[in-house]
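> Dropping the structure in here first, questions after.
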């Protein structure tokens, strides 16, 4: 990577805080890095002598591994921190935890935290670059970026394209970040799911709300299918997973009724047989594994570009 392009901000706190030009700059860098990670020698020295800490206050497998792989591909020094095995479990505050880490001369912080806005709070108190790896049910910006990048690879520029997000919109940080990102790229966005899992503020985001899954699939070019997040639900929003699968699960029989191919996506983890069937998840129209590969390239791009803002 020899590009001198930079982002308009020194942090990635959310899609709200970046511009359309920032998104396109990240996509261009990600395309370059995707070539790198498909070479026999997959490492570049772009972040040599840069120390990144992965600070995860919530459980994560895919996102943490994807970030760590991206950091190591860029030759960064990597520290991994989990709250369950740290002084946080003894009552230490977020700011004290981070300040102690920064005293070890850390340059960048990749953080997942259950509290919405934790990253904004942190950015006002410390000097390191901060990347939001998920904050509560608020945002998950790198997931939205990799999703939009994957869509662009599959169907071209998203201006005027119809993108559907299906599932638990209410509890999904992926849904909000996707909506914000897709709208900035000029896409038409609709959400579909049970009324109890659709937030009331969707109209204010310029999003079409649909409740009939077949009509929604017939409308869209891409269907991004989300799982039911039972771990975030403090009350019962649906009668049962079986009933959800019956009315909103995407399966081959349903797609056959659509009458034309559409691109199928899922940010993972997949609950096969609930929100999506195996014959759809593994079909030729599914780009789920492309999303995983693109996640590393997008995160390499974000890390590289933000390091240039130091």
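Just so you know, all these numbers are worked out from the coordinates, no wet-lab data involved. Not measured: the values here are computed from a predicted model. Note that we place each Cβ from the backbone using ideal geometry, even for glycine, and neighbour counts take in every protein chain shown.
> Kirkwood Rh, the range 1-131, all Cα pairs: how many Å? Display every interim value, and only then the final one.
Numbers: mean 1/r = 0.0628 Å⁻¹.
Taking the inverse mean of 1/r over all distinct Cα pairs, the range 1-131 comes out at 15.9 Å.
> How much length is gained on full extension from residue 254 to residue 212, taking 0.36 nm per residue of separation minus their Cα-Cα distance? Show your work: numbers first, answer last.
Numbers: separation 42, 0.36 × 42 = 15.12 nm, distance 1.17 nm.
Residue separation times 0.36 nm, minus the Cα-Cα distance, leaves 13.9 nm.
> How are the Cα pair distances of the range 88-171 distributed, in percent, across 5 Å bins from 0?
Each 5 Å bin holds this share of Cα pairs: 3, 11, 18, 19, 14, 11, 10, 7, 5, 2, 0.
> Under a crude label model (7 Å from the Cα following the beta-carbon direction), how far is residue 49 from residue 159 in nanometres?
So the two model labels end up 4.2 nm from each other.
> Moving on. Between the range 112-152 and the range 17-84, what is the C-alpha centre distance in whole Å?
13
> I would also like to ask the following. So how tilted is helix 20-37 from the main axis of the chain? Cα-based, degrees 0 to 90, rounded to 10.
Value to nearest ten degrees: 80.
> While we're looking at this one, here's another question. Arrange 285, 140 by Cβ neighbour counts within 10 Å, fewest through most, would you? Walk me through the numbers before you get to the answer.
Values: 285 14, 140 27.
In increasing order of surrounding Cβ atoms, one gets 285, 140.
> Could you give the angle, 0 to 90 degrees to the nearest 10, between helix 288-307's Cα long axis and the longest principal axis of the Cα atoms of the chain?
So the helix axis and the longest Cα principal axis differ by about 30 degrees.
> Roughly what % antiparallel, to the nearest 5, for the DSSP beta bridges in the chain? Working shown, then result.
Working: 1 of 36 bridges.
Within the chain, antiparallel bridges account for around 5 percent of the total.
> Dividing the Cα convex hull volume of the range 14-56 by residue count, how many Å³ per residue is that?
Numbers: hull volume 5.2 nm³, N = 43.
Dividing the Cα hull volume of the range 14-56 by its residue count gives 120 Å³.
> Report the convex hull volume per residue for the range 101-142, counting only C-alpha atoms, in Å³.
On the way: hull volume 2.6 nm³, N = 42.
Taking the convex hull of the Cα positions in the range 101-142, it is 62 Å³ per residue.
> Could you give the C-alpha radius of gyration of the range 171-299 expressed as a fraction of 2.2 N^0.38 Å, taking N as the number of residues it contains? Write out the running numbers ahead of the final one.
Values: Rg = 14.4 Å, N = 129, 2.2 N^0.38 = 13.9 Å.
Compactness ratio reported: 1.03.
> Using helices alone, I'd like the mean residue ellipticity at 222 nm for the chain: each DSSP H run of four-plus residues gives -39500 (n - 2.57), total over residue count, nearest 500.
Rounded to the nearest 500, the figure is -11500 deg cm²/dmol.
> When the chain is fully extended, how far beyond the present Cα-Cα distance does residue 205 get from residue 79, taking 0.36 nm per residue of separation?
Going from the current span to full extension adds 41.6 nm.
> In percent, what relative contact order does the range 186-310 have, based on Cα pairs under 8 Å that are 6 or more apart in sequence?
Rounded, it is 23 percent for the range 186-310.
> Still on this model: Sorted from largest to smallest, which semi-axis lengths in Å does the alpha carbon gyration tensor of the range 99-220 give for its equivalent ellipsoid, taking the root of 5 times each eigenvalue? Can you show the working numbers first?
Details: eigenvalues 205, 56, 21 Å².
Equivalent-ellipsoid dimensions as semi-axes: 32, 17, 10 Å.
> Helix 173-184: angle to the longest alpha-carbon principal axis of the chain, degrees 0 to 90, nearest 10?
Relative to the chain, helix 173-184 is tipped by roughly 90 degrees.
> Return the tail of the calculated pair distribution for the chain, meaning the percent of Cα-Cα pairs more than 33 Å apart. Kindly include the intermediate steps, with their values, before the conclusion.
Values: 11542 of 47895 pairs.
Result: 24 percent of Cα pairs exceed 33 Å.
> Right, another one. Nearest 5 percent is fine: what portion of the DSSP beta bridges confined to the range 104-256 is antiparallel?
Details: 1 of 18 bridges.
So the antiparallel bridges amount to about 5 percent of the total.
> No solvent, one uniform scatterer per C-alpha: report log10 I(q)/I(0) for the range 140-199 via the Debye equation at q = 0.12, 0.14, 0.23, 0.29 1/Å, two decimals.
Cα-only, vacuum Debye calculation for the range 140-199: -0.26, -0.35, -0.90, -1.23.
> A further question on this structure: Determine the equivalent ellipsoid of the range 182-225 by diagonalising the alpha-carbon gyration tensor, then write out the semi-axes as square roots of 5 times the eigenvalues, largest first, rounded to whole Å.
On the way: eigenvalues 52, 46, 11 Å².
Taking √(5λ) for each Cα gyration eigenvalue gives 16, 15, 8 Å.
> Below 8 Å, C-alpha to C-alpha, sequence gap of six or more: please give me the relative contact order for the range 77-178 in percent.
Values: 100 pairs, mean separation 22.1, N = 102.
About 22 percent, as a whole number.
> Restricting the count to DSSP beta bridges whose residues both fall in the range 1-143, what percent are antiparallel, rounded to a multiple of 5? Before the final figure, lay out the partial values.
Numbers: 1 of 18 bridges.
Here the antiparallel bridges make up roughly 5 percent for the range 1-143.
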